[in-house]
């Protein structure tokens with residue numbers, strides 16, 4: 001269930017043959033897959049001396065070189081390959097495709113191979129980006145030019161559906177899994193994808209002829225619309241924070257716009273497989289990260305003294321220096337990279353007032369609630385960027401959709417008066433129409449019993465950092481129900497053929513796929529569950545994948561582009577539904593008491609005046625801690 005190893009194995013196989021000097025030709029889809037799965041030195045060790053794109057028409061003829069092609073069997077790549085084979089630039093061709101190659105495509109290639117330069121044609125099912133051992137992406141960030149949705153939030157774009165079916169099929173084939181399939185009942189898209197995957201597995205029965213296990217693997221298909229909260233939140237753990245504030249594209253981070261950045265750090269590689277510090281700390285909270293980075297810098301400084309001129313007194317010292325210098329230089333580069341990265345995160349946190357914004361967000365996303373005045377204060381703060389104001393109001397609208405509709409409208413008007421454009425502000429209603437209470441199958445805000453809320457409140461007080469990391473993705477609750485045999489068939493039905501009592505069987509392998517994109521916060525949950533052998537997930541291996549990996553920007557842009565395909569009513573307030581309104585809703589002196597309905601059962605603050613004193617100590621503690629991290633990073637940068 002390790003997708004990084006699975007794809008690495010495929011890439012190693014395809015560059016190992018032939019054992020001679022060769023060129024590696026890729027397309028737009030396979031280039032990031034290879035870059036995530038291999039390094040330049042690994043390719044060189046297999047005699048790959050040139051890597052290029054098949055659509056580059058300016059390549060030189062090199063008839064003495066062999067050519068390995070690794071391409072997606074898409075129409076564009078097949079056409080480019082036909083052009084290549086009609087006028088071959090290399091002596092021999094070894095063709096590898098990242099997915100199932102149709103018989104018609106093979107015949108097309110055979111017809112154009114007049115010079116008989118093709119030596120081999122194979123399928124290597126690496127049609128997805130392996131971001132972490134337990135996280136993959138189909139690298140489809142939905143846009144107006146490449147949509148995910150059809151004419152409604154429950155319908156697929158035809159091309160996106162086929163792309164998703166092919167990508168998920170490749171994941172299953174690369175891991176040699178023939179799963180039973182379950183899906184979220186509320187999602188027409190999840191049902192359609194589940195049925196299509198089942199059909200593809202049956203139609204390619206020879207490829208899926210794997211050894212049966214006592215309990216078959218499970219493919220659980222979820223819809224982002226059932227949890228719109230997670231991708232809207234600020235992030236406070238290393239990898240998720242970098243993606244939220246700077247963006248990670250196929251393991252690379254663009255730092256070219258960072259003030260005073262050096263040329264060698266303008267673009268950096270950030271993957272656990274190539275960076276030992278990142279591998280050890282990519283799940284760490286921002287506060288812990290500062291301490292770890294300080295130790296890392298001190299370790300480098302002590303080694304730097306040991307490598308100094310005064311330590312070289314003999315031939316053996318010289319030999320040791322020559323042997324260790326490349327590794328030492330690499331360590332220095334890595335230290336500089338992380339100091340620059342954490343320094344930039346600290347700068348953005350301070351500039352955009354993310355500590356204040358993050359506190360309000362966490363209150364809205366968790367059982368503690370957050371008040372109307374706190375959201376108003378964020379909107380009217382001129383130092384808070386418009387984008388962050390929009391996120392907070394969207395979270396407020398999702399939280400209080402059924403109980404405080406007039407407040408939502410007034411917050412939207414307040415945004416318009418405080419620097420948020422009309423095009424952005426109207427996304428609040430788009431989110432409610434796409435993923436509001438009437439669209440979701442599960443209630444995001446009342447999944448905890450009062451007892452559980454009490455426990456989580458106590459847990460939150462143990463460590464000040466938990467104020468910023470209280471939220472747990474809805475996926476956690478879904479998996480907990482799965483592990484305990486409580487994931488009901490009525491809410492998460494099986495595609496035909498699961499057999500009796502299937503929901504009571506605990507699968508050893510679970511592949512979760514999120515239509516509409518997953519997040520690094522959810523990936524962190526999966527990684528921690530896989531690591532925690534003594535937990536409720538013991539004995540179960542989990543793998544998470546999604547259309548893409550979102551940050552709040554890409555999620556809101558997906559919502560924006562999708563809305564252009566839907567009826568114009570998507571920009572209007574969603575119709576009220578009496579059946580989902582609270583059974584009882586009272587306002588008692590600044591405290592909103594809600595019983596039943598999608599807003600959840602519990603008490604929510606509508607005025608924060610009486611509660612300010614209680615939270616001041618926790619807030620100040622966290623700000624002090626993260627302030628110290630920032631000061632430490634600034635000092636490191638000066639050294």
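Determine, yes or no, whether residue 411 is assigned to a helix (DSSP H, G or I), more than 28 Å from the chain's Cα centre (by Cα) and modelled with pLDDT under 90. Here the answer is no, as residue 411 does not meet what is asked.
Assess whether residue 109 counts as being at negative phi and assigned to a loop (DSSP other than H, G, I, E, B). So residue 109 does not fit the description; no.
Just name the residue that is surrounded by the most Cβ atoms within 10 Å (Cβ to Cβ) out of those in region 231-265 that are assigned to a strand (DSSP E or B) and over 12 Å from the mean Cα position of the chain (by Cα).
First pass over region 231-265, keeping only residues assigned to a strand (DSSP E or B): 237, 249, 252-254.
Checking which are over 12 Å from the mean Cα position of the chain (by Cα) leaves us with 237, 252-254.
On the way: 237: 21, 252: 15, 253: 19, 254: 13.
Filtering first and then ranking leaves 237.
Among the residues of region 9-34, those that are under 30 Å from residue 531 (Cβ atoms) and buried (at least 19 other Cβ atoms within 10 Å of the Cβ) comprise 10, 11, 33, 34.
Residue 80 fulfils the conditions (1) touching a helix residue (DSSP H, G or I) at 6+ places or on another chain (Cβ under 9 Å); (2) more than 22 Å from residue 171 (Cβ to Cβ) except for a single criterion, (1).
Residues in region 35-50 that are at negative phi and either surrounded by fewer than 17 Cβ atoms within 10 Å (Cβ to Cβ) or part of a helix (DSSP H, G or I) (or both): 35, 36, 37, 39, 40, 41, 42, 43, 44, 45, 49, 50. Within region 483-507, the set of residues being in contact with a strand residue (DSSP E or B) (Cβ under 8 Å, 6 or more places away or on another chain), in a loop (DSSP other than H, G, I, E, B) and modelled with pLDDT of 70 or more comprises 487, 492, 493, 495, 507. Screening the candidates 252, 182 for the property of being in contact with a strand residue (DSSP E or B) (Cβ under 8 Å, 6 or more places away or on another chain) and closer than 22 Å to residue 345 by Cα yields one hit, 252.
Looking across region 206-224 at every residue that is surrounded by fewer than 23 Cβ atoms within 10 Å (Cβ to Cβ) and touching a helix residue (DSSP H, G or I) at 6+ places or on another chain (Cβ under 8 Å), the one that is farthest from residue 100 (Cα to Cα) is identified as 208. Given the criteria touching a strand residue (DSSP E or B) at 6+ places or on another chain (Cβ under 6 Å) and crowded, with 18+ Cβ neighbours inside 10 Å, does residue 174 qualify? Here the answer is no, as residue 174 does not meet what is asked. Among the conditions (1) in contact (Cβ under 8 Å) with a residue 24 or more places away in the chain; (2) closer than 19 Å to residue 17 by Cβ; (3) part of a helix (DSSP H, G or I), the only one that residue 82 does not satisfy is (2).
Of all the residues in region 346-358, those that are touching a residue at least 40 places away in the same chain (Cβ under 8 Å) and either closer than 10 Å to residue 378 by Cα or crowded, with 21+ Cβ neighbours inside 10 Å (or both) number 5. Within region 61-80, is even one residue closer than 20 Å to residue 122 by Cα, loosely packed, with under 14 Cβ neighbours inside 10 Å, more than 29 Å from the chain's Cα centre (by Cα) and at pLDDT 95 or above? Yes.
Among the residues of region 112-129, those that are in contact with a helix residue (DSSP H, G or I) (Cβ under 9 Å, 6 or more places away or on another chain) and assigned to a loop (DSSP other than H, G, I, E, B) comprise 113, 114, 115, 117, 124, 125, 126, 127, 128.
The values are calculated or read from the model by the stated rules, or taken from the named source; none is laboratory data. These figures come from a predicted structure and were not determined experimentally. Ideal geometry is used to build each Cβ from the backbone, glycine not excepted, and the neighbour counts take in all protein chains shown.
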